[in-house]
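The values are calculated or read from the model by the stated rules, or taken from the named source; none is laboratory data. In this text the structure is predicted, and so the values were computed from the model without any measurement. Note: ideal-geometry Cβ built from the backbone for every residue, glycine included; neighbour counts use all protein chains shown.
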Amino acid sequence: MTAVLAPNSADDSLAYRPVALVDLLDRVLATGVVISGDITLSIADVDLVRISLRALVASVGALASPENTG
């Protein structure tokens, strides 16, 4: 399975290059990614429940590297 990364610019000849899923996962775990979202349940335009979700996905090595500490 491969994924296609979006181009950075229209002039880039390597803009649409196939990337193996395992390579993409390796890059995400090496640098880390934050996933966030909000869910609001409402009835008749009255907000009843609001849930904020935030998740950090990274490897332990990426979080403990000296580059990430203050």
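A few notes on this one:
- Filter result for S59 (surrounded by 10 or more Cβ atoms within 10 Å (Cβ to Cβ) and in contact with a helix residue (DSSP H, G or I) (Cβ under 9 Å, 6 or more places away or on another chain)): yes
- Some residue of the range 46-55 being modelled with pLDDT of 80 or more, part of a strand (DSSP E or B) and surrounded by 11 or more Cβ atoms within 10 Å (Cβ to Cβ): no
- Contact map, the range 7-28: residues that are among the polar types (S, T, N, Q) paired with residues that are surrounded by 12 or more Cβ atoms within 10 Å (Cβ to Cβ) and at pLDDT 65 or above, Cβ distance under 6 Å, separation 6+ or inter-chain. No pairs are found.
- When the residues of the range 5-19 are filtered to those that are modelled with pLDDT under 60 and over 30 Å from A64 (Cα atoms), the one that is nearest to the chain's Cα centre (by Cα) is P7.
- Residue in the range 20-39 that is of a type in the set (S, T, N, Q), out of contact with any His (no Cβ under 6 Å at 6 or more places or on another chain) and at pLDDT below 70 present: no
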